[in-house]
């Protein structure tokens, strides 16, 4: 009997020990669980406040960034090249293929072989088919630029900056050539496919003689005849004129719009010419210390809007980039690969939506010889999170080149907040106070907040690369362009050895970093107010998820 009681007592003591141990472990676990940081409501500065109504939609956050120009479509014949561009597929959907018809300084694409004794042209498009077959394997959508005339279509060979920029001597031969070119594509890829491709007639036709060695009227004639022949083969074709140069040397500006609206068509004799899209070139120059997009596009936007048939056609920037650095140096780079390029790109995006720019063709957002993103592509990474959402109304007193692009996507709110200064050496930081109400805000009391950041110390590796290259004693071209996306503009060949030796480090620095994760913000008086501190060249994407 005593043994049974003793056993019961021992069992009870054992159970009590287990219970005490369990409680102790539960307390330990509770101690190590991190509660989400709660963001306190800031004291706002009315002059820096952005009022956002999440229930007032002003438009779509559409994709404007996914077409890239390509000067040599032959590159797609290489399986190695096709494999190398696989990594950029999240950022690219189409390629605009330039100077496909020949007339090049490198003598590629010599498909035109003259005429026979009946006056019919002789062509050999086998090279075209080979490169286009390679292109189509990538899954990208081709866009075709019908620009340079083949050398053999001019009795006098005149070599300009970008090859043969003369009109053809005989437009009957040109018509035959365009016809044969299109029929070749249709035979290979099918009418229903080719009719969905865009066709652009010429490149910067108002840049003489570099891209067009003729008068304004000569180009209008060339455009009308080319469009007429394309439509004979593909009545549903999507076609428009070459991208207008927007520099001071341009020989004409909006006159091509007037011609397509009201001019006498050189091919048909009727009024007007088909124009399914309109496009320009736009290049920034850091040494000019400005963002000149508004002054550049306003006259084109106004002219297009003045004609009902052209008011809603796509208005594109089909060449785009940062042409010169702060020292006025150009180089081969067409971008700025640092945080300055990133904040500039956010500013351009904001303006593009204001002026209804449909697409901006991009030469590339990766650093030479790698697939590593420059700072600007990390901004594109932010765009991808927002793509397809609704841009919503915002009202602010912010001046200069800073702002907020607010977007709702499902029940998530995104705020792209940026501060851009036109001088690289600027130290002008900024604090912005987004204040959200209405719409989605009305339905919840607390929100989880995540933030991603691009600035000098986040999502940019060029400063570290420059530091390492200089430390390695690689020769520096002091007269070369600085901080473009092609380090070869600035450094001698040894820079690639430094890049490869430190590739793991640069790869990590180049990634878009998340700088706030799962913090909690709460609504007060029907509003959510945030405080966003921005470096002098900075872009932040804030994500708000209802809890």
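FYI, it's all coordinate maths here, none of it is from the lab. Because the structure is predicted, anything quoted here is derived from the model rather than measured. Glycine also receives a Cβ, built like all others from the backbone with ideal geometry; neighbour counts cover every protein chain displayed.
If r is the Cβ-Cβ distance from residue 218 to residue 124 and R0 is 30 Å, what FRET efficiency results, to the nearest 0.05? Intermediate values should be presented prior to the final figure.
Details: r = 29 Å, r/R0 = 0.96.
In this case the efficiency is close to 0.55.
Based on other C-beta atoms within 10 Å, arrange 131, 343, 442, 77 from fewest to most.
On the way: 131 21, 343 29, 442 11, 77 15.
Lowest to highest Cβ neighbour count: 442, 77, 131, 343.
The stretch 469-488 and the stretch 494-520 have Cα centres spaced 19 Å apart.
Mean sequence separation of contacting Cα pairs (under 8 Å, at least six apart), scaled by the length of the stretch 300-397, corresponds to a relative contact order of 29 percent.
Mean projected area of the Cα convex hull of the stretch 62-276, taken over all directions, amounts to 12.7 nm². Working from Cα positions, state the angle (0 to 90°, nearest 10) between the long axis of helix 339-354 and the longest principal axis of the chain. In the chain, helix 339-354 runs at an angle near 70 degrees to the longest axis. The relative contact order of the chain comes to 18 percent, based on Cα pairs under 8 Å that sit 6 or more residues apart.
Rounded to the nearest 10 degrees, the angle from helix 375-386 to the longest Cα principal axis of the chain is 70 degrees. If you average the C-alpha positions of the stretch 224-277 and of the stretch 288-348 separately, how far apart do those two centres end up, in angstrom? Measuring centre to centre over Cα atoms gives 22 Å. Its residues counted as N, the stretch 35-185 yields a C-alpha radius of gyration over 2.2 N^0.38 Å of 1.65.
Contact order normalised by length for the stretch 62-276, with contacts defined as Cα pairs under 8 Å and 6 or more residues apart; what percent is it? Provide the component values of the computation, followed by the final result.
Numbers: 371 pairs, mean separation 35.4, N = 215.
Contact order relative to length: 16 percent.
For the chain, the longest principal axis of the C-alpha atoms and the axis of helix 216-233 are separated by about 80°. Given R₀ = 56 Å, what would the calculated FRET efficiency be for residue 525 paired with residue 307, taking r from the Cβ atoms and rounding to 0.05? For R0 = 56 Å, the calculated efficiency reads 0.70.
If the segment from residue 470 to residue 78 were pulled out straight at 0.36 nm per residue, it would be longer than the present Cα-Cα gap by 137.6 nm.
Going from the residue with the fewest nearby Cβ atoms within 10 Å to the one with the most, 414, 223, 307 rank 307, 414, 223. What's the center-to-center distance, using Cα atoms, between the stretch 65-117 and the stretch 367-389 in Å? Taking the Cα centre of the stretch 367-389 as reference, the centre of the stretch 65-117 is 23 Å away.
Does a label point 7 Å from the Cα of residue 38, set along Cα-to-beta-carbon, have any residues of the stretch 446-467 with amide nitrogen under 15 Å, and which are they? Inside the label zone: 446-449. Counting neighbouring Cβ atoms within 10 Å and putting the fewest first, the residues 503, 544 line up as 503, 544. Calculated mean residue ellipticity at 222 nm for the chain: -9500 deg cm²/dmol, from DSSP H runs with n ≥ 4 weighted as -39500 (n - 2.57), summed, divided by the residue count and rounded to 500.
How much length is gained if the chain between residue 330 and residue 86 is pulled fully straight, taking 0.36 nm per residue apart and subtracting their Cα-Cα distance, in nm to one decimal? Numbers along the way, then the final one.
Details: separation 244, 0.36 × 244 = 87.84 nm, distance 2.89 nm.
Separation in residues times 0.36 nm, less the Cα-Cα distance, equals 84.9 nm.
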